[in-house]
Amino acid sequence: MKYVLITALFLGSVFSLAAQTTAFIGVNVIPMDRERVMANQTVIIEKGVIKTIGDAGKVKVPKNAVRVDAVGKYLIPGLVDMHTHLLSDSDEYPDYIAPDELRVMVANGVTTVRFMIGTPELLSLRSRSASGEIDAPTLFVASPHLTGREQGNNFVVNTPDEAREAVRKSKAAGYDFIKITTFIKSEAYEAAVEEAAKQKIRVVGHADSRFVGVERAWKAGQQIEHLDGYMELLLKPDAPMKGSVSDLYIYQPDNWKSFDHMDEARIPEIARKTVASNPYVNPTHHFMKNSFGRLRTEDEIRAQPDFRFYPAKVQQGWFDFYKKNKMINTVPLEKRARWIELREKLIKAIHDAGGKIMVGSDTPEFMWLYGFGVHHELVALRESGLSNYAVLAAGTRNGHEYLGSLNVAGTIEKGKRADLVLLNADPLKDINATKDRVGVMLKGKWHTHAELNRWLDEIAPKIASSYIEHKK
Ligand SMILES: [Zn+2]
């Protein structure tokens, strides 16, 4: 009996994709091929793919189809998070929670993800997602990061040879990108970039101002994360300091004094040069703004819907950090506000210059969880002055364009993978509508609001209780 049951479940998971036909009836489609809404459509999904899109009055719904009444609702492509990590990437959480972590993303409408620091476990999850073994977003995985200093999940590269070897090993292991972080010296950086070009793999990540800097990263065509190094570009030449507030510089209270020496007039030129080098920019703006710029109170943190996913020890750890960190407790609010303002002007200018802004949450650090963080980033980009359409493009098609997967996903078109989110309201009128989901379709499999909320209720205590405490 038990055997039969297990077999049935197994077959169920393998064949459900192929078997399920779904029809969204009477829906407003936001296809994201250009700025428009196609009102009152019926969309048929078969074998994981968008089969038909047409006027609700004309499209014939197959008899076997699961019918989703979508009159007055809005259908958008699944969301893309171009910068995230798992809690289980660290040794403070067990690997077995990873599939649940990925379901938290799906429950938030995130159907494609790029992990920015690779591990062998993430490569295995990428295959398990692709084969349909787990309900997970489509995954892209950058390499373990190349750094000048031991920081975990990394290649420490201090010589050109070490850098070349790290690139070759990453390529051979099957990683999708080469990730650069901090403390990497310019000779090692040059070697990594050269070897990556030879191996035909793209370089992404930080541009540590102390050694590499944005101008060198531009020359390499690197895709830069966090607007790293950009504040340093705005510093006037006669400023008494070299560093401003990028990357690890954030933690040095003195560097915040740089905001008395900024040359805002440079922004248009910086934007132009950015677009000429690599138009794809992933500012992870919400993360930066709301972790270091606009400080949250303890009550605000407790009220977050993702708070319950964090173990009590970790919650307390972050509260203590916020109470004790020197930078956080000494840098005046007006300096932080100026930092946010300049970041937002850069984002807007890069967009206006033809850049492709992407959505990256940089979760789950600082008690911002993946999935939820994507919606925060959409709002943060809107607050930077992008239109709702531009923001939605950042969260859907732009990421796929960069990943090279726009031919299979990222817009709602016939023949594309059925990664979709059904919303109660129009996100082109108010971007906050992305949080108000009716359900999520992942690779053609429909998950209702109630089911997704059940997942979250079930997963939150599971993750929170899986924490492994390491005595220091
Ligand atoms: Zn990150």
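Okay, here's what the table says:
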read-out	value
Search result, residues across segment 219-230 that are out of contact with any Phe, Trp or Tyr (no Cβ under 7 Å at 6 or more places or on another chain) and crowded, with 19+ Cβ neighbours inside 10 Å	Ala220, Gln222, Ile224, Glu225, His226, Leu227, Asp228, Gly229, Tyr230
Any hit, segment 39-59, residues being within 16 Å of the ligand (Cβ to nearest atom) and open to solvent by less than 30 Å² (accessible area, probe 1.4 Å)	no
Positions within segment 314-369 being over 30 Å from His261 (Cβ atoms), within 16 Å of the ligand (Cβ to nearest atom) and in a helix (DSSP H, G or I), in sequence order	Met367
Some residue of segment 278-297 being open to solvent by 50 Å² or more (accessible area, probe 1.4 Å), assigned by TED's automatic domain parsing to the domain that holds Ala380 and either charged (D, E, K, R) or within 15 Å of the ligand (Cβ to nearest atom) (or both)	yes
Long-range neighbours under 7 Å by Cβ, at least six apart or interchain, first residue at negative phi and among the small types (Gly, Ala, Ser) within segment 232-243, second surrounded by 18 or more Cβ atoms within 10 Å (Cβ to Cβ) and modelled with pLDDT under 90	Gly243/Ser209; Gly243/Tyr249
Identity of the residue in segment 370-383, over 11 Å from the mean Cα position of the chain (by Cα) and surrounded by 24 or more Cβ atoms within 10 Å (Cβ to Cβ), that ends up nearest to the ligand (Cβ to nearest atom)	Ala380
Selection count where residues are outside any helix (DSSP H, G or I) and within 16 Å of the ligand (Cβ to nearest atom), scope segment 95-134	8
Leading residue by the ranking (most open to solvent (accessible area, probe 1.4 Å)) among those in segment 135-147 that are closer than 25 Å to Gly48 by Cβ and not in a strand (DSSP E or B)	Asp135
Meets criteria (open to solvent by 10 Å² or more (accessible area, probe 1.4 Å), touching a residue at least 40 places away in the same chain (Cβ under 8 Å) and not aromatic (Phe, Trp, Tyr)) for Lys356	yes
Residue tally, condition open to solvent by less than 20 Å² (accessible area, probe 1.4 Å), among the small types (Gly, Ala, Ser) and not in a strand (DSSP E or B), over segment 178-206	4
Subset of segment 303-339 (residues that are of a type in the set (A, V, I, L, M, F, W, C) and open to solvent by less than 30 Å² (accessible area, probe 1.4 Å))	Phe307, Phe309, Val314, Phe319, Met327, Ile328, Val331, Trp339
The lone exception for Ser209 - which of (1) in contact with a strand residue (DSSP E or B) (Cβ under 9 Å, 6 or more places away or on another chain); (2) not in a helix (DSSP H, G or I) it fails	(1)
Unique residue being closer than 25 Å to Lys51 by Cα, assigned to a helix (DSSP H, G or I), more than 16 Å from the ligand (Cβ to nearest atom) and open to solvent by 10 Å² or more (accessible area, probe 1.4 Å) when the list is Asn432, Asn407, Asn398	Asn398
Residue match in segment 269-276 (condition: in contact with a His (Cβ under 7 Å, 6 or more places away or on another chain), more than 30 Å from Trp368 (Cα to Cα) and either free of Cβ contacts under 8 Å to residues at least 24 places away in the same chain or hydrophobic (A, V, I, L, M, F, W, C) (or both))	no
Lone unmet requirement of (1) touching a helix residue (DSSP H, G or I) at 6+ places or on another chain (Cβ under 9 Å); (2) closer than 26 Å to His449 by Cβ; (3) assigned to a loop (DSSP other than H, G, I, E, B) for Glu92	(2)
Positions within segment 281-311 being more than 16 Å from Pro364 (Cβ to Cβ) and over 22 Å from the mean Cα position of the chain (by Cα), in sequence order	Thr297, Glu298, Asp299, Glu300, Arg302, Ala303
Residues located in segment 67-85, provided they are within 16 Å of the ligand (Cβ to nearest atom) and surrounded by 24 or more Cβ atoms within 10 Å (Cβ to Cβ)	Val80, Asp81, Met82, His83, Thr84
Restricting segment 384-394 to residues that are within 23 Å of Glu264 (Cβ to Cβ) and among the small types (Gly, Ala, Ser), the residue that is farthest from the ligand (Cβ to nearest atom)	Ser387
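The values are calculated or read from the model by the stated rules, or taken from the named source; none is laboratory data. Note that the structure is predicted; figures quoted are calculated from it, not measured. Here Cβ is always computed from backbone atoms with ideal geometry, including for glycine, and neighbour counts include all displayed protein chains. To get the accessible areas, we keep the full protein, side chains included, count just its heavy atoms, and leave off ligands, DNA and RNA. Shrake-Rupley method; radii C 1.70, N 1.55, O 1.52, S 1.80 Å.
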